[in-house]
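Student: My questions will all concern the structure given below.
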Amino acid sequence: MTTARPYRTLSTMLFALSAVAALAALVLILAPGWLLTWAPGSTPPPNTAYEHTLLASIGMFALVLSYLLCVAARDPVRNVAIVNAMIFFCVAAAALNLYALTILGLGVFYPAGYPVTRAIVQLILAGVLFRLRPKAAGPLPAP
């Protein structure tokens, strides 16, 4: 007999997102100077201790996000709050990208297609996670 895992697709997607977040976190923590050389509109790149510390602290938050996604991938029903938080994060990041493009004039630094494409991908990811998320928590454990 085999046991069916009803949320296998969601678990696989959460593990993949966890791996991407962990890779991004390691780059932010261990190589902020290298990352700053890729920053648009900055020649020569600003390599101060403030930028390095800021990127490393953002990398630590990304590492925490990676850990939470890995935990949620193991049991999505029990950790539905993490899945819901990831959905909110994707929608908020897409809104921030579009806000930065329209109001803050991000098109000066990037071609306008980059933030729009990134927002569309984030909204598609949020929609897929919303569709796959567990609708109700499992039974409560006995006291």
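Student: If the Cβ limit is 6 Å and pairs must be 6+ apart or interchain, which residue in segment 102-117 that is over 18 Å from Val91 (Cβ atoms) pairs with which residue that is exposed (fewer than 12 other Cβ atoms within 10 Å of the Cβ) and at pLDDT below 80?
Tutor: Phe109/Pro40; Phe109/Gly41
Student: Among the candidates Gly59, Gly127, single out the residue that is of a type in the set (Gly, Ala, Ser), assigned to a helix (DSSP H, G or I) and surrounded by fewer than 16 Cβ atoms within 10 Å (Cβ to Cβ).
Tutor: Numbers: Gly59 fails: surrounded by fewer than 16 Cβ atoms within 10 Å (Cβ to Cβ).
Gly127 is the lone residue from the list that is of a type in the set (Gly, Ala, Ser), assigned to a helix (DSSP H, G or I) and surrounded by fewer than 16 Cβ atoms within 10 Å (Cβ to Cβ).
Student: Is at least one residue of segment 6-27 modelled with pLDDT under 95, surrounded by fewer than 13 Cβ atoms within 10 Å (Cβ to Cβ) and not in a helix (DSSP H, G or I)?
Tutor: For segment 6-27, residues modelled with pLDDT under 95, surrounded by fewer than 13 Cβ atoms within 10 Å (Cβ to Cβ) and not in a helix (DSSP H, G or I): present.
Student: Mind checking which residues of segment 72-83 are in a helix (DSSP H, G or I) and exposed (fewer than 15 other Cβ atoms within 10 Å of the Cβ)?
Tutor: Step one: list which residues in segment 72-83 are in a helix (DSSP H, G or I), which gives 72-74, 80-83.
Of everything in segment 72-83, those that are in a helix (DSSP H, G or I) and exposed (fewer than 15 other Cβ atoms within 10 Å of the Cβ) turn out to be Arg74, Ala81.
The values are calculated or read from the model by the stated rules, or taken from the named source; none is laboratory data. It should be emphasised that the depicted structure is a prediction, and the values quoted were computed from it without experimental measurement. Ideal geometry is used to build each Cβ from the backbone, glycine not excepted, and the neighbour counts take in all protein chains shown.
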